[in-house]
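The values are calculated or read from the model by the stated rules, or taken from the named source; none is laboratory data. Every value quoted in this text rests on a predicted model; they were computed, and no experiment measured them. Please note: Cβ atoms are built from the backbone with ideal geometry, for glycine as well, and neighbour counts cover all protein chains shown. Remember, those area values only see protein heavy atoms, side chains included, never the ligands or the DNA or RNA. Shrake-Rupley method; radii C 1.70, N 1.55, O 1.52, S 1.80 Å.
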Amino acid sequence: MEEKLLSKINFALAQAERSKFYKQRKIPVTISNIEEFQKINFTEKKDLKKSDPFDLLSVEIDDIQQYHESSGTTGESVSVWYSRKDMQEAARQLRDKDIKITKKDIALIRFPYALSVPAHIFTGMLIDDGATIIPVSRGSMVTPYQRVINIMKKINATILVCNPSEAVVLADVAQHLGFDSRKDFSVRMILVAGEMLCDGRKMQIEKLWEAKVFNFYGMTETANIAVSCAYGNLHISSDYYLEIVKIDDRKAIINTGKGLLAVTQLNKEAFPLIRYQTEDIVEIKQEKCQCGNQMPMLIHHGRFADAICNREKCISMLDIQNQIYGNEKLNPKYFRLIFQGGILTIIVEQEEYMNIVKCKEIDLPISNEVKYVSKHQIEPINELLKITKLRKANYYIKNANEKESD
């Protein structure tokens, strides 16, 4: 097994060394054992952000199919390249034997198509498997929420592809428009990615839509790393070598417990990453899964930036959400967190039917309090239903009394 892994790592090293970025870092072209590999310096996000986009390329521009960017909404971004082969492989990495797609399926994709990767690779996978695609990109003025819900209804979409939070919002919007998300739609399966998903929230989404939820873990820089099976466990793709780095020193590799994830891509052509520190907190489990998949399982604890850490402990977003969604007095559709002065405040949007005894705090090893706000205070559905007019080319001056057509 180790010999096969070393062969894959050496392929990745040789491919990475073709880029100016890794050539300057003087990485070895081959290694003979994992100990040698672990002497290679980590690649950090800040290293990628300050690099020229073309320095990261390991193939000729002729071989590139797509360019994407990660993060950097308000600051520096990471440039990411995908060759034609990379895009095909990224679509393949989304597949799992428990996710059964047919030619009769109609998939509504609600990920944004601009710069991020998920919409594109899900499109590739679903088309390859014969499904029909409805591209209703989130953030587009062309597809406001009301239009999306109406399309889902009239076209009988059977698969919804989006962020976990978007699946909740769409169900809420449907209800606001007079529909029952469980009975009035044909959705049988929901494919979610882009956010940490705890079991309680997964169950909530499944209940809202009466559909099976499958979770995916990855990022723009790497494409998809793990897919959940029918039992909800994320199984790691053999196309990646993952290391868990101790949180407090960011150097030592640990075999058990949660730590920071470092990723090495084993078959990427255009933009190979070697020991890339993702800033995500994860665990890896080697246990056997009921689904029969032999690959190790990944537990995603969320981003390090969202965790509450000190020298004694690190409370991850998964720890927090497990308590929020595992508490029958809470289980909210929407919540927000404020950590200030050593106290974590959980703000919960209260559903109209909530007349049970309110929870004052949740079970966490830090001081916390729960505060309640009225419905639509956190997620104002009425605001989401407002339609911003799409700018179109117009070469005529309308008469004052003439109404402009849609």
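Assorted remarks:
- Hits in region 314-350 (condition: open to solvent by less than 30 Å² (accessible area, probe 1.4 Å) and in contact with a Cys (Cβ under 7 Å, 6 or more places away or on another chain)): 318, 321, 325, 330
- The number of residues in region 222-252 that are open to solvent by less than 20 Å² (accessible area, probe 1.4 Å), hydroxyl-bearing (Ser, Thr, Tyr) and either assigned to a loop (DSSP other than H, G, I, E, B) or free of Cβ contacts under 8 Å to residues at least 12 places away in the same chain (or both) comes to 1.
- Within region 86-115, tally of residues that are closer than 19 Å to residue 144 by Cα and either among the aliphatic types (A, V, I, L, M) or surrounded by fewer than 21 Cβ atoms within 10 Å (Cβ to Cβ) (or both): 6
Here is a yes/no grid of residues against (1) touching a helix residue (DSSP H, G or I) at 6+ places or on another chain (Cβ under 9 Å); (2) charged (D, E, K, R):
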{"position": "205", "(1), (2)": "yes, no"}
{"position": "235", "(1), (2)": "no, no"}
{"position": "239", "(1), (2)": "yes, yes"}
{"position": "251", "(1), (2)": "no, yes"}
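- Residues in region 206-225 that are within 18 Å of residue 124 (Cβ to Cβ) and either in contact with a Pro (Cβ under 7 Å, 6 or more places away or on another chain) or among the aliphatic types (A, V, I, L, M) (or both): 219, 223, 225.
- Every pair of residues 6+ apart whose Cβ atoms lie under 6 Å, when the first sits in region 1-16 and is part of a helix (DSSP H, G or I) while the second is among the basic types (Lys, Arg): none
- Residue in region 44-67 that is in contact with a Leu (Cβ under 6 Å, 6 or more places away or on another chain) and open to solvent by less than 60 Å² (accessible area, probe 1.4 Å) present: no
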